[in-house]
Amino acid sequence: MSTKLYENEYFYILKEESTIPWVKIFTQNPYKELSDCDEATREATLKAMVVVEKEMIAFYKPEKINIAMFGNYVPHVHIHVMARFKEDSHFPESMWGIKQRESNLHLANFEEFVTQMVEKLTL
């Protein structure tokens, strides 16, 4: 079960259990495609994605941010936002790809990241 980190009338954000910082932004209504969303929901969700990306970069200083939208298994609009590091278990592969190594990342506290992220989302 994923932990809910934030929500408003347009979207909610869940933590993905992983060895890297990884969140998923879901639309409140279960739209199947991004183009199905009403304009306010689409705009708020994409703005949240950029806020989360910027906060991950500022807080974790990753090698790269990965953003993904598939919805093949969960046909509900959601955006994966992941901070990636050269030393993580899958880099440079996707987190769904072939594991490259054991990883022992020493990252800043995720709860502190969430506090900063929520502060930026509520501005």
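Do you know the relative contact order of the chain, to the nearest whole percent, from alpha carbon pairs under 8 angstrom that are 6+ apart? Intermediate results must be reported in sequence, preceding the final value.
Numbers: 190 pairs, mean separation 28.3, N = 123.
It comes to 23 percent, rounded to a whole number.
Would you mind checking the tilt of helix 39-60 against the longest principal axis of the Cα atoms of the chain, expressed as 0 to 90 degrees and rounded to 10?
Roughly 20 degrees, rounded to the nearest 10.
Sort ASP36, ASP88 so the one with the fewest other Cβ atoms within 10 Å of its own Cβ comes first. Don't skip to the answer; put the middle values down first.
Numbers: ASP36 13, ASP88 24.
Result, fewest neighbours first: ASP36, ASP88.
Under the rule a/c < 1.5 gives rounded, and otherwise a/b versus b/c splits prolate from oblate, where does the chain land using the Cα gyration tensor? Each step should come with its number before you reach the end.
On the way: a/c = 2.14, a/b = 1.41, b/c = 1.52.
Since a/c reaches 1.5 but b/c is at least a/b, the shape of the chain is classed as oblate.
Translational D (Stokes-Einstein, µm²/s) of segment 75-121 at 37 °C and 0.692 mPa s when Rh comes from the Kirkwood sum over C-alpha pairs?
Details: Rh = 12.8 Å.
For the chosen part, D equals 256 µm²/s.
Which angle from 0 to 90°, rounded to the nearest 10, does the C-alpha axis of helix 110-121 make with the longest principal axis of the chain?
On a 0 to 90 degree scale, this one is about 30.
Rounded to the nearest 0.05, what FRET efficiency do ASN104 and SER35 give with R0 = 35 Å and r taken as the Cβ-Cβ distance? Could you check? Don't jump to the answer; show the numbers that get you there.
Values: r = 42 Å, r/R0 = 1.19.
Computed FRET efficiency for ASN104 and SER35 comes out at 0.25.
Quick one: Cα centre-to-centre distance for segment 80-123 and segment 3-58, in angstrom?
15
Output ³J(HN,Hα) for segment 68-85: one whole-Hz value per residue in order, computed from phi by the Karplus curve 6.51 cos²θ - 1.76 cosθ + 1.60 with θ = phi - 60°, and x for Gly and Pro.
Karplus values, whole Hz, x for Gly and Pro: 9, 9, 10, x, 5, 8, 10, x, 9, 3, 8, 10, 8, 10, 10, 8, 10, 9.
For a footprinting-style exposure proxy, rank MET69, MET117 by other Cβ within 10 Å, fewest first.
On the way: MET69 13, MET117 25.
Result, fewest neighbours first: MET69, MET117.
Each residue of segment 8-25 in order: what ³J(HN,Hα) in whole Hz does its phi give by Karplus 6.51 cos²θ - 1.76 cosθ + 1.60, θ = phi - 60°, with x for Gly and Pro?
So the Karplus estimates, Gly and Pro as x, are 9, 5, 9, 8, 9, 10, 10, 8, 8, 5, 6, 7, 10, x, 8, 10, 10, 9 Hz.
Just so you know, all these numbers are worked out from the coordinates, no wet-lab data involved. Computed from a prediction, not measured in an experiment: that's the story for all the values here. Using ideal geometry, Cβ is built from the backbone for each residue, glycine included, and neighbour counts are taken over all protein chains shown.
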